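One structure is given here, and the rest of the page talks about it.
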Amino acid sequence: MVDEVKALSAQLAQEPQSLVFLRLGELLRQRRQLDAAQRVALLGLERHPHLADAHDLYARILADRHDYERAFDEWDMTLRIAPEHTGAMKGLAFLYFKVGDLAQAESHLKAAKKVTPDDFTIEQALAMVRGGAEPAPPVPVAPPPAPDEAEAKPLAESRVFAGLEGAEEGLLLLDAAGLVLGGGLRSPTGDDVTEAVAAYLAGVSQEAARTAKLLGLGAWRGLSAEGRQGHVHLVPPTGDSLLLVLRDRSVPLGRLAIVAQRAAQAARHWLERQQ
Amino acid sequence: MTAASFAQALDQITRVPGVRGAMLVAGDDGLVVAEHLMEGIRGPAVAALAASLATRLRRAMQAAGTGAGHFWQLLCERGGLLVVPGASGILVVAITAPDVNAGLVRLELLRAAEAVG
């Protein structure tokens, strides 16, 4: 295997634009040389930013490193580029399972099965999810989780935004009266500001809707605001709920809107399951 | 500032293609200070709602530790509302079509907010 790594490395050095980085990165990942695997994957992504398999490779490396939030983002990106990428579907199923969202895990596995009905590993994973056992991660086995991670995020509130970046300090879901349904917020200094912010946001959804109606602009879709120390974006996942995303100033408003849409989708799924 | 300079500040905003109107609104009571609106837009009602939204947002953002907002945008199916609070508490407001260059409107609003103080 060492020889194979050397051979692939040499080949990549000779043909930097080739896709051989995918095999090399995967091989290094399997050998648990995660730093080297990550370097190879990132170099590949620099050259092929729209290659779904490159994002999938990087996601697997991140998952092996237990960096589940970024792994989620990478698999999510993989599916945006290639909506039928079964590796990404299985990867997301694995992450959803890790945070206890069995319904989402099963949903992603079913979607993968539709694309590749003959893949017996999907059926195995489905059986495990239905039986409550952890499905195998998407491609060769990741190490067993550390004891503290085995208890990953048990709180129902955090599951609203399971797998999303900032699930417990930058995403907040409220009902129409400003009561917290899920998520949480922390100020730049680390203080828990969830309840205070929620109280001030009560009624915003209704006022935004009234303003849009008055101006004949149709339904309101979002409200974004720039502050000196951070940005916020509000969206209505449903008619009687409000979602807030809070990030520091380094995150542009446009990106914040994308994060908000993704979180709103998760919130809608979660709200549907509560009914 | 004179009425003419208010009008000039609003005129620069409404020159941006896709802007349907612009207003200066007193942030504390939601009353219109000056307006340059297309026919059919109910300025006083929009001003009141914009001021109310601005107050809620400012308080929420201060509670979140982001500092008071210096620009906000309400995005709707068929357009939007863009607002920049001036230093004196006056809100500079633009009502836009959906295909407007929001970045350009934002710049004009910031300029106008600086001009009106």
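Measuring nothing but how far apart in sequence close Cα pairs (under 8 Å, 6+ apart) lie, relative to its length, chain A scores a relative contact order of 10 percent. Averaging the sequence gap over all C-alpha pairs within less than 8 Å and six or more residues apart, then dividing by the number of residues, gives region A:165-249 a relative contact order of 29 percent. A probe of 1.4 angstrom, applied to the heavy atoms of all protein chains, finds A:M77 with accessible area near 80 square angstrom. Peptide A:239-250 is shielded by partner chain Cβ atoms: per residue, an average of 1 of them sit within 10 Å of its Cβ. When every alpha-carbon pair in region A:149-274 is counted, what percent end up more than 25 Å apart? That fraction is 19 percent.
In the context of the full protein assembly, A:Y58 retains an accessible surface of approximately 10 Å², using a probe radius of 1.4 Å and ignoring ligands and nucleic acids.
Once you wrap a convex hull around the alpha carbon atoms of region B:71-117, what is its projected area averaged over all directions, in nm²?
2.8 nm²
Using a Förster radius of 56 Å, what is the FRET efficiency between A:R255 and B:E39 based on their Cβ-Cβ separation? Nearest 0.05, please.
So, using R0 = 56 Å, E works out to roughly 0.90.
Each Lys and Arg Cβ is given +1 and each Asp and Glu Cβ -1; about its Cα centre, chain A then shows a dipole of about 560 debye. How far, in degrees from 0 to 90, does helix A:102-115 lean away from the longest principal axis of the Cα atoms of chain A, to the nearest 10? For A:102-115 against chain A, the angle is about 50 degrees. With respect to chain A, whose longest principal axis is taken over its alpha-carbon atoms, helix A:20-30 is tilted by about 90°. Summarising the label geometry, the points placed 7 Å from Cα in the beta-carbon direction at A:D240 and B:L104 lie 4.3 nm from one another. Each label point was placed 7 Å from the Cα along the Cα-to-Cβ direction; for B:A26 and B:A68 their separation is 1.7 nm. Counting heavy atoms of the protein chains alone, A:W270 has an accessible area of about 30 Å² for a 1.4 Å probe.
Taken residue by residue and averaged, Cβ atoms of other chains lying within 10 Å of the Cβ of B:50-60 number 5.
One decimal place: the segment A:I81-A:A103 gains 5.5 nm when fully extended, by the rule 0.36 nm per residue minus the C-alpha distance. Of A:R262, B:R78, B:R42, A:R268, the residue with the largest accessible area leads and the full order is B:R42, B:R78, A:R268, A:R262 (1.4 Å probe). Applying 1/(1 + (r/R0)^6) with r as the Cβ-Cβ distance of B:S88 and B:S52 and R0 = 25 angstrom yields a FRET efficiency of 0.85. With 24 Å as the cut-off, how large is the P(r) tail for chain A, expressed as percent of Cα-Cα pairs? Counting pairs separated by more than 24 Å, the tail of P(r) holds 56 percent. What residues from region A:25-49 fall in the zone where the backbone N is under 13 Å from a label point 7 Å along the Cα-to-C-beta line of A:Q17? A:47-48, by backbone N distance to the label point. Averaged over peptide A:203-212, the number of partner chain Cβ atoms lying within 10 Å of each residue's Cβ comes to 5. Distance from the C-alpha centroid of region A:197-224 to that of region A:63-80: 33 Å, rounded to the whole angstrom.
Restricting attention to chain A, lysine pairs at least eight places apart or on different chains and with alpha-carbon atoms under 19 angstrom apart total 6. Here the contact order of chain B, divided by its residue count and restricted to Cα pairs under 8 Å and six or more residues apart, works out to 29 percent.
The values are calculated or read from the model by the stated rules, or taken from the named source; none is laboratory data. The shown structure was predicted, so the numbers you read here are calculated from the model rather than taken from an experiment. Using ideal geometry, Cβ is built from the backbone for each residue, glycine included, and neighbour counts are taken over all protein chains shown. Note: accessible area is taken over every heavy atom of the protein model, side chains too, but ligands, DNA and RNA are not part of it. Shrake-Rupley method; radii C 1.70, N 1.55, O 1.52, S 1.80 Å.
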